[in-house]
Amino acid sequence: MTHLQTGLSPETIEKARLELNENPDVLHQDIQQVRDMIITRPDIGFLRTDDAFILRFLRARKFHQTDAFRLLAQYFQYRQLNLDMFKNFKADDPGIKRALIDGFPGVLEKRDHYGRKILLLFAANWDQSRNSFTDILRAILLSLEVLIEDQELQINGFILIIDWSNFSFKQASKLTPSILKLAIEGLQDSFPARFGGVHFVNQPWYIHALYTLIKPFLKDKTRKRIFLHGNNLNSLHQLIHPECLPSEFGGTLPPYDMGTWARTLLGPDYNDENEYTHTSYNAMHVKHSSSNLERGCSPKHMTRSQSVVEPGTLKHEELGESENTQLLLALD
């Protein structure tokens with residue numbers, strides 16, 4: 001085992017070998033091959049090229065060096081093309097701070113049965129007078145930057161659940177094609193994370209319409225990992241076991257506490273009052289121009305007006321597209 005795999009369980013190392021083609025005997029050569037390609041893109045500022053950083057891109061692309069380099073290039077190019085998004089890219093930026101405080105995103109402590117981290121978005125919490133969609137996207141990307149430092153998550157990946165309960169047509173009207181495309185480019189095309197599934201729950205008809213709108217921007221592999229459950233929690237539970245989920249999703253865990261992600265990051269410095277709490281996170285700093293952009297996370301506790309759903313109480317909602325009933329495992 002190379003030092004780059006230090007801290008990984010034997011099971012995860014074996015999983016990386018079988019699923020991602022990760023070979024510790026040639027790990028450094030694989031990384032160097034990606035690094036050697038940087039000279040082919042002088043138009044991009046590659047602001048971090050150390051072994052551990054490049055390794056996460058190889059894992060995200062199953063150790064196909066060319067694909068890993070393409071993702072690495074897109075990661076930095078996305079930041080160059082959207083400089084305003086990554087200016088002051090830290091938790092105490094006012095826009096990111098408000099989004100984090102309002103629970104964008106939620107992160108469950110317990111991982112699913114494949115070791116994947118579960119992220120939650122309660123769409124109705126989007127107060128458009130407080131948060132722009134761009135700031136919510138920035139808060140999600142910042143959270144992913146923190147989470148992806150965990151090597152286990154580089155290998156096991158993530159699950160995203162979006163609850164559309166009480167999400168109004170007026171709110172949906174603000175999800176324009178341009179900002180949805182920005183989110184897809186940032187998450188699908190430019191970030192080194194393995195997303196095992198994106199699950200829509202309790203989505204109204206106009207979310208189906210939006211999904212149809214964004215389909216052309218989705219890769220075939222991404223489309224196969226999007227599951228539209230409606231109010232059929234049984235289909236959700238066939239992919240994510242109830243013991244991994246809070247009660248809002250028919251799970252056996254308590255209702256989700258929006259302060260969970262903040263307390264995980266801030267520990268004893270977390271402030272549960274109506275104040276902002278800031279701490280720096282000792283992880284990668286994303287650079288803008290010639291200066292480093294700091295990172296941190298500082299959400300606080302918030303409550304939701306969300307009804308708790310008992311397992312098995314929701315009836316199946318008839319949906320019109322074949323994707324809605326996909327029940328294949330969303331793993332590579």
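The values are calculated or read from the model by the stated rules, or taken from the named source; none is laboratory data. Small disclaimer: the values here were computed from a predicted structure and weren't measured. Note that we place each Cβ from the backbone using ideal geometry, even for glycine, and neighbour counts take in every protein chain shown. The area values use the complete protein model at the heavy-atom level, side chains included, leaving out ligands, DNA and RNA. Shrake-Rupley method; radii C 1.70, N 1.55, O 1.52, S 1.80 Å.
Within the stretch 194-230, how many residues are on the phi < 0 side of the Ramachandran plot, in a loop (DSSP other than H, G, I, E, B) and crowded, with 19+ Cβ neighbours inside 10 Å?
4
Restrict the check to the stretch 49-59 and report whether at least one residue is open to solvent by less than 10 Å² (accessible area, probe 1.4 Å), of a type outside the set (S, T, N, Q) and within 20 Å of Trp261 (Cβ to Cβ).
no
Restricting to the stretch 35-69, what's the tally of residues that are assigned to a helix (DSSP H, G or I) and over 24 Å from the mean Cα position of the chain (by Cα)? Write out each step before concluding.
First pass over the stretch 35-69, keeping only residues assigned to a helix (DSSP H, G or I): 35-40, 51-60, 65-69.
Among the residues that remain, those that are also over 24 Å from the mean Cα position of the chain (by Cα) are: 35-40.
Total meeting the criteria: 6.
Take the conditions without any contact (Cβ under 8 Å) to a residue 12 or more places away in the chain and in the same structural domain as Lys117 (by the TED database) and apply them to Ser173. Does it pass?
It is true that Ser173 is without any contact (Cβ under 8 Å) to a residue 12 or more places away in the chain and in the same structural domain as Lys117 (by the TED database).
Take the residues in the stretch 159-204 that are among the aliphatic types (A, V, I, L, M) and touching an Asp or Glu at 6+ places or on another chain (Cβ under 9 Å), then tell me which one is nearest to Leu233 (Cα to Cα). Full working, then the answer.
Step one: filter the stretch 159-204 for residues among the aliphatic types (A, V, I, L, M), giving 159-162, 172, 175, 179-180, 182-184, 187, 193, 198, 201.
Subsequent filtering for residues that are touching an Asp or Glu at 6+ places or on another chain (Cβ under 9 Å) retains 159, 201.
Values: Ile159: 16, Val201: 8 Å.
Ranking the qualifying residues of the stretch 159-204, first place goes to Val201.
Taking into account only those residues within the stretch 96-155 that are outside any loop (DSSP other than H, G, I, E, B) and in contact with a Cys (Cβ under 8 Å, 6 or more places away or on another chain), which is surrounded by the most Cβ atoms within 10 Å (Cβ to Cβ)?
Leu100
Looking at Asp92 and the list (1) more than 17 Å from the chain's Cα centre (by Cα); (2) buried (at least 22 other Cβ atoms within 10 Å of the Cβ), which single condition is not satisfied?
Result: Asp92 fails condition (2) only.
Here is a yes/no grid of residues against (1) modelled with pLDDT under 95; (2) closer than 16 Å to Thr176 by Cα; (3) assigned by the TED database to the domain that holds Lys117:
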{"residue": "Leu210", "(1), (2), (3)": "yes, yes, yes"}
{"residue": "Thr222", "(1), (2), (3)": "yes, no, yes"}
{"residue": "Asn232", "(1), (2), (3)": "yes, no, yes"}
{"residue": "His237", "(1), (2), (3)": "no, no, yes"}
{"residue": "Leu245", "(1), (2), (3)": "no, no, yes"}
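Would you confirm, using the coordinates I've provided, whether Arg48 is within 21 Å of Phe195 (Cβ to Cβ) and among the charged types (D, E, K, R)?
no
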